[in-house]
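Enquirer: My questions will all concern the structure given below.
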Amino acid sequence: MKSIYNITKCWRKIALLMVVAIQMSSCQDFLHTTPVDFATPTAYYNSQPALTSALVGIYSPLLQNDTYGYAIPIWQEDVTDEGYFTTNGNTVSASNDVAVNLQSYTSTVPTNFWRNCYVGIERANLLIANIGNAQGVDTSFVKAVLSEAKFLRGYYHFMLVQNFGDVPLKITPTRDATQTNVPRTPSKDVYAQIIKDMTEAEAGLPTYQNATYSNSTSRITKTAAEAILARVCLYMAGNPINDNTKYADAQFWANKVISSGLHSLYSMTDTVANVKNLRGQMLAYPASTASNPFYPAYKNNGYAQLFLNMATNVYSPRESMWEIDANSVSNTIYNMNTNVGCQTGISDANDAVTGGCVPYTWIHQYLYDLYASGDLRRDWAISPYGITGATGVRYFYTTKNSAAGKPDVLNRSVGKWRREYEPVPAGWSAKPKWNTQFNFPVIRYSDVLLMLCEAIVMTTSGSTGSCTDATALDAINQVRRRAFGLNPTTASATYDLTSVTLDEIQKERARELCFEGVRKADLIRWGIYLQRMQEVLTLDNNSYPVANRIFAVVSPQNTVTGGTKVLLWPIPSSEMLVNTAATQNPGY
């Protein structure tokens, strides 16, 4: 929301960094620092502004179009049990084929995703290797910069191994641009380096309360790194690594976050009833009626407030621990490539008033049905209305699917990021249609609670058992209480679980974290991705007329047909052409 990473042209094997003389006096200054085209490693990394510029260069690939700017929040979610790609009017091509699981080794998204990650890794390697050039720079500053660089190197490798499996492990700078023949490293070894990098980084990172970080969520902090380490360990514990010892490690890191005392869930006590949006309208929906049974009765709650903060330039590090940050920096440069809100958001035909949104991600019935009556997350995560008209009028969805006797939600889109609450950026007369100011959450505290619960369940009861551990139950029940508008830390006889299974955790993660870029990887690590997509396909085919489900079934059908092939993306053809030591993933 509050900043932008400006990225100039770069290529995978060569560092393209140059410093600008901007002192790092605050988080905002840091994020407005601009790396430019070229740097000789031995000549730079020798001052605070040089290290600042280099560090910005490491962060910046995260907001590229085919990482968090577009691919993760949209394409990754369109091949899950949460949402699907609205192919109507959008021809499937090499630039969006991953949205329906038809990717090939020439597809644009995997190619650019691969390149972006290795650009970030190369930049991190250069800074790590040359940080000793910094003479007379405050040691605490150098320590923090080095820690961030190590963490980000690990995180880029984490994104790669999740999506491609075995990948070349790069932990030293490329000294010669002709050194292109690098074999793929086994995933387990890549994960080991990821944990090493992140563990070393965690020891040197400050908390978000550090004055340099300005209580923001843009930069990785100590507890955010601990949260990501918990996530990494859970992925190692699941498919395809299946290292069960990592459940205990995930529990360790999640407990470190919780014991810090720095994080808690937003709740009703953090908000006022019926917060007004930027057009002065009350944040409230009409109650359900007999004639319109699918109107969503609604009241403000901590869950919605968190995403309202993302819309209105408010950081929430207490819960939203690390976000990919985005915003305008002038009246001529707007954001970078962030499509959150304008292509993953509420269907909005009013560009002039609310900014407009042409949603590419629509909702599967499976997700809607997961929410119990009274769960306030449902009608925030899933759009209960669209927007049209000269003044941006809401029209509520009331269509009933006669075949299933339930609301027809196949034409509803994502509701978490709502442009009607987004301010017009400084220097602009209206919001641009195809870019937004929304940050994208990488890790939230509710995720930490659910990961802790899962780690305990898997170490005490296993994937099929029922767990009654008090710590595990308190963790998941905090998330559930907030969902029903209650104080997360006060027990509820109505909504608290008295035992919990892995199946319930899997459902709760969908309810809480839908469309935040983790669902596909979750389903894969649980070993149920193909099974779940078959269930979604069966539900859609049995519940809806052909005209309603024609687009909803495309991704599930392609997934089921593709089988285990689609668990990984193909190694890009651009890599295969120059790296003779590389091998291709099965099926491609």
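The values are calculated or read from the model by the stated rules, or taken from the named source; none is laboratory data. Predicted, not measured: the structure shown is a model, and the values here were computed from it. Positions of Cβ are backbone-derived with ideal geometry, glycine not excepted, and every protein chain shown enters the neighbour counts. Each accessible area value is taken on the protein alone, full model and side chains, heavy atoms only, with ligands, DNA and RNA left out. Shrake-Rupley method; radii C 1.70, N 1.55, O 1.52, S 1.80 Å.
Enquirer: Identify all residues within segment 77-100 that are open to solvent by 10 Å² or more (accessible area, probe 1.4 Å) and more than 17 Å from Gly415 (Cα to Cα); write none if there are none.
Expert: If the condition is that a residue be open to solvent by 10 Å² or more (accessible area, probe 1.4 Å) and more than 17 Å from Gly415 (Cα to Cα), then Thr87, Asn88, Gly89, Asn90, Thr91, Val92, Ser93, Ala94, Ser95, Asn96, Asp97 are the ones that fit.
Enquirer: Residue by residue through segment 536-549, note down the ones that are buried (at least 16 other Cβ atoms within 10 Å of the Cβ), in contact (Cβ under 8 Å) with a residue 40 or more places away in the chain and of a type outside the set (Val, Ile, Thr).
Expert: Just the residues of segment 536-549 that are buried (at least 16 other Cβ atoms within 10 Å of the Cβ), to begin with: 536-537, 539-540, 543-544, 548-549.
Remaining after also requiring in contact (Cβ under 8 Å) with a residue 40 or more places away in the chain: 536, 539-540, 543-544, 548-549.
Selection gives Leu539, Asp540, Ser543, Tyr544, Asn548, Arg549.
Enquirer: Let me ask you something else. When the residues of segment 477-523 are narrowed to those that are surrounded by fewer than 17 Cβ atoms within 10 Å (Cβ to Cβ) and of a type in the set (Val, Ile, Thr), which ends up nearest to Pro441 (Cα to Cα)?
Expert: Among them, the one singled out is Thr489.
Enquirer: Among Ile58, Ile74, which is the only one that is at pLDDT 90 or above and of a type in the set (A, V, I, L, M, F, W, C)?
Expert: Working: Ile74 fails: at pLDDT 90 or above.
Result: Ile58 is the single residue among Ile58, Ile74 that is at pLDDT 90 or above and of a type in the set (A, V, I, L, M, F, W, C).
Enquirer: So Asp503 ticks every box in (1) among the charged types (D, E, K, R); (2) without any contact (Cβ under 8 Å) to a residue 40 or more places away in the chain; (3) part of a loop (DSSP other than H, G, I, E, B) but one. Which box is left unticked?
Expert: (3)
Enquirer: Does Ile74 satisfy the condition of being part of a helix (DSSP H, G or I) and either open to solvent by 10 Å² or more (accessible area, probe 1.4 Å) or under 27 Å from Arg509 (Cα atoms) (or both)?
Expert: Values: part of a helix (DSSP H, G or I): yes; either open to solvent by 10 Å² or more (accessible area, probe 1.4 Å) or under 27 Å from Arg509 (Cα atoms) (or both): yes.
Criteria met by Ile74.
Enquirer: Considering segment 108-124 alone, what residues qualify as being under 24 Å from Arg175 (Cβ atoms) and surrounded by 21 or more Cβ atoms within 10 Å (Cβ to Cβ)? Working first, answer last.
Expert: First pass over segment 108-124, keeping only residues under 24 Å from Arg175 (Cβ atoms): 114-124.
Across segment 108-124, the qualifying residues are Trp114, Asn116, Cys117, Tyr118, Val119, Gly120, Ile121, Glu122, Arg123, Ala124.
Enquirer: I've got another one for you. Among residues belonging to segment 518-553 that are at pLDDT below 95 and not in a helix (DSSP H, G or I), point out the one that is nearest to the chain's Cα centre (by Cα).
Expert: Applying the filter and picking the extreme gives Ala552.
Enquirer: Shifting gears a bit: Of the conditions (1) open to solvent by less than 40 Å² (accessible area, probe 1.4 Å); (2) over 21 Å from the mean Cα position of the chain (by Cα); (3) at pLDDT below 85, Gly386 satisfies every one except a single condition; which number is it?
Expert: Of (1) open to solvent by less than 40 Å² (accessible area, probe 1.4 Å); (2) over 21 Å from the mean Cα position of the chain (by Cα); (3) at pLDDT below 85, only one is false for Gly386: (3).
Enquirer: Being in contact with a strand residue (DSSP E or B) (Cβ under 9 Å, 6 or more places away or on another chain) and aromatic (Phe, Trp, Tyr) is true for just one of Phe484, Phe515. Which residue is that?
Expert: Phe515
Enquirer: While we're looking at this one, here's another question. In the list Arg511, Arg412, Arg418, Arg444, which residue meets the criterion of being within 28 Å of Pro359 (Cα to Cα) and in contact with a Leu (Cβ under 6 Å, 6 or more places away or on another chain)? Show your work before the answer.
Expert: Values: Arg412 fails: in contact with a Leu (Cβ under 6 Å, 6 or more places away or on another chain); Arg418 fails: in contact with a Leu (Cβ under 6 Å, 6 or more places away or on another chain); Arg444 fails: in contact with a Leu (Cβ under 6 Å, 6 or more places away or on another chain).
That would be Arg511, the only listed residue that is within 28 Å of Pro359 (Cα to Cα) and in contact with a Leu (Cβ under 6 Å, 6 or more places away or on another chain).
For every residue, the table says whether it meets (1) farther than 28 Å from Ile72 by Cα; (2) among the basic types (Lys, Arg); (3) in contact (Cβ under 8 Å) with a residue 40 or more places away in the chain.
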{"residue": "Leu376", "(1), (2), (3)": "no, no, yes"}
{"residue": "Gly392", "(1), (2), (3)": "yes, no, yes"}
{"residue": "Lys406", "(1), (2), (3)": "yes, yes, yes"}
{"residue": "Leu410", "(1), (2), (3)": "no, no, yes"}
{"residue": "Ala426", "(1), (2), (3)": "no, no, yes"}
{"residue": "Gln437", "(1), (2), (3)": "no, no, yes"}
{"residue": "Val442", "(1), (2), (3)": "no, no, yes"}
{"residue": "Ser446", "(1), (2), (3)": "no, no, yes"}
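Enquirer: Yes or no: segment 210-228 includes at least one residue that is in a helix (DSSP H, G or I), over 17 Å from Ala521 (Cβ atoms), open to solvent by 20 Å² or more (accessible area, probe 1.4 Å) and modelled with pLDDT under 95. Full working, then the answer.
Expert: First, the residues of segment 210-228 that are in a helix (DSSP H, G or I): 211-213, 222-228.
From what is left, the residues that are over 17 Å from Ala521 (Cβ atoms) are 211-213, 222-226.
Still in the running and open to solvent by 20 Å² or more (accessible area, probe 1.4 Å): 211-212, 222.
Within this subset, residues satisfying the condition of being modelled with pLDDT under 95 are 211-212.
For segment 210-228, residues in a helix (DSSP H, G or I), over 17 Å from Ala521 (Cβ atoms), open to solvent by 20 Å² or more (accessible area, probe 1.4 Å) and modelled with pLDDT under 95: present.
Enquirer: For segment 554-588, name all the residues that are touching a helix residue (DSSP H, G or I) at 6+ places or on another chain (Cβ under 8 Å), of a type in the set (Ser, Thr, Tyr) and not in a helix (DSSP H, G or I). Even if it seems obvious, please write down each step before you answer.
Expert: The first filter runs over segment 554-588 and keeps only residues touching a helix residue (DSSP H, G or I) at 6+ places or on another chain (Cβ under 8 Å), leaving 554-560, 563-564, 566-575, 582, 584-588.
Applying the additional criterion that residues be of a type in the set (Ser, Thr, Tyr) yields 555, 559, 564, 573-574, 588.
Answer for segment 554-588, where residues must be touching a helix residue (DSSP H, G or I) at 6+ places or on another chain (Cβ under 8 Å), of a type in the set (Ser, Thr, Tyr) and not in a helix (DSSP H, G or I): just Tyr588.
Enquirer: Right, next: Among the numbered conditions (1) outside any loop (DSSP other than H, G, I, E, B); (2) farther than 30 Å from Asn130 by Cβ, tell me where Val92 comes up short.
Expert: Failing condition for Val92: (1).
Enquirer: Sticking with this structure for a sec: Take Thr207 and decide whether it is among the hydroxyl-bearing types (Ser, Thr, Tyr), in contact with a Ser or Thr (Cβ under 6 Å, 6 or more places away or on another chain) and open to solvent by less than 20 Å² (accessible area, probe 1.4 Å). Spell out how you get there, then give the answer.
Expert: Numbers: among the hydroxyl-bearing types (Ser, Thr, Tyr): yes; in contact with a Ser or Thr (Cβ under 6 Å, 6 or more places away or on another chain): yes; open to solvent by less than 20 Å² (accessible area, probe 1.4 Å): no.
Against the criterion (among the hydroxyl-bearing types (Ser, Thr, Tyr), in contact with a Ser or Thr (Cβ under 6 Å, 6 or more places away or on another chain) and open to solvent by less than 20 Å² (accessible area, probe 1.4 Å)), Thr207 does not qualify.
Enquirer: I'd like to check something: does segment 130-145 contain any residue that is touching an Asp or Glu at 6+ places or on another chain (Cβ under 8 Å) and either crowded, with 19+ Cβ neighbours inside 10 Å or modelled with pLDDT under 95 (or both)? Give the derivation first.
Expert: Going residue by residue through segment 130-145, those that are touching an Asp or Glu at 6+ places or on another chain (Cβ under 8 Å) are none.
Within segment 130-145 (the criterion being touching an Asp or Glu at 6+ places or on another chain (Cβ under 8 Å) and either crowded, with 19+ Cβ neighbours inside 10 Å or modelled with pLDDT under 95 (or both)), the answer is no, since none of the residues qualifies.
Enquirer: Quick one: how many residues across segment 389-407 are over 26 Å from Val546 (Cα atoms) and in contact with a strand residue (DSSP E or B) (Cβ under 6 Å, 6 or more places away or on another chain)?
Expert: As a first pass, look at segment 389-407 and keep what is over 26 Å from Val546 (Cα atoms): 389-394.
If we keep only those that are in contact with a strand residue (DSSP E or B) (Cβ under 6 Å, 6 or more places away or on another chain) as well, we get 394.
Result for segment 389-407: 1.
Enquirer: Enumerate the pairs (first residue in segment 104-118 and closer than 14 Å to Asn65 by Cα; second residue anywhere and open to solvent by less than 10 Å² (accessible area, probe 1.4 Å) and acidic (Asp, Glu)) with beta-carbon separation below 7 Å, excluding pairs fewer than 6 apart on the same chain, so at least 6 apart or on different chains.
Expert: If the second residue must be open to solvent by less than 10 Å² (accessible area, probe 1.4 Å) and acidic (Asp, Glu), the pairs left are Trp114/Glu575.
Enquirer: Picking from Thr91, Thr86, Thr67, which residue would you name as being over 28 Å from Ser216 (Cα atoms), modelled with pLDDT of 65 or more and under 24 Å from the mean Cα position of the chain (by Cα)? Give the steps one after another, and end with the answer.
Expert: Working: Thr91 fails: under 24 Å from the mean Cα position of the chain (by Cα); Thr67 fails: over 28 Å from Ser216 (Cα atoms).
Just one listed residue meets the conditions, Thr86.
Enquirer: Quick test of your reading of the structure: Leu17 fulfils all but one of (1) under 25 Å from the mean Cα position of the chain (by Cα); (2) modelled with pLDDT under 55; (3) crowded, with 23+ Cβ neighbours inside 10 Å. Name the failing condition by number.
Expert: (1)
Enquirer: Given (1) open to solvent by 10 Å² or more (accessible area, probe 1.4 Å); (2) more than 20 Å from Asp249 (Cα to Cα); (3) out of contact with any Lys or Arg (no Cβ under 7 Å at 6 or more places or on another chain), where does Leu127 come up short, assuming only one miss?
Expert: (1)
Enquirer: Here's something else I'd like to know. Which condition does Thr460 not pass, out of (1) more than 27 Å from Thr501 (Cβ to Cβ); (2) without any contact (Cβ under 8 Å) to a residue 40 or more places away in the chain, if it passes all the others?
Expert: Exception for Thr460: condition (1).
Enquirer: Another question, then. Identify all residues within segment 170-194 that are open to solvent by less than 50 Å² (accessible area, probe 1.4 Å) and within 21 Å of Ala129 (Cβ to Cβ); write none if there are none.
Expert: The first filter runs over segment 170-194 and keeps only residues open to solvent by less than 50 Å² (accessible area, probe 1.4 Å), leaving 170, 173-174, 180, 182, 184-185, 187, 190-191, 193-194.
If the condition is that a residue be open to solvent by less than 50 Å² (accessible area, probe 1.4 Å) and within 21 Å of Ala129 (Cβ to Cβ), then Lys170, Pro173, Thr174, Thr180, Val182, Thr185, Val190, Gln193, Ile194 are the ones that fit.
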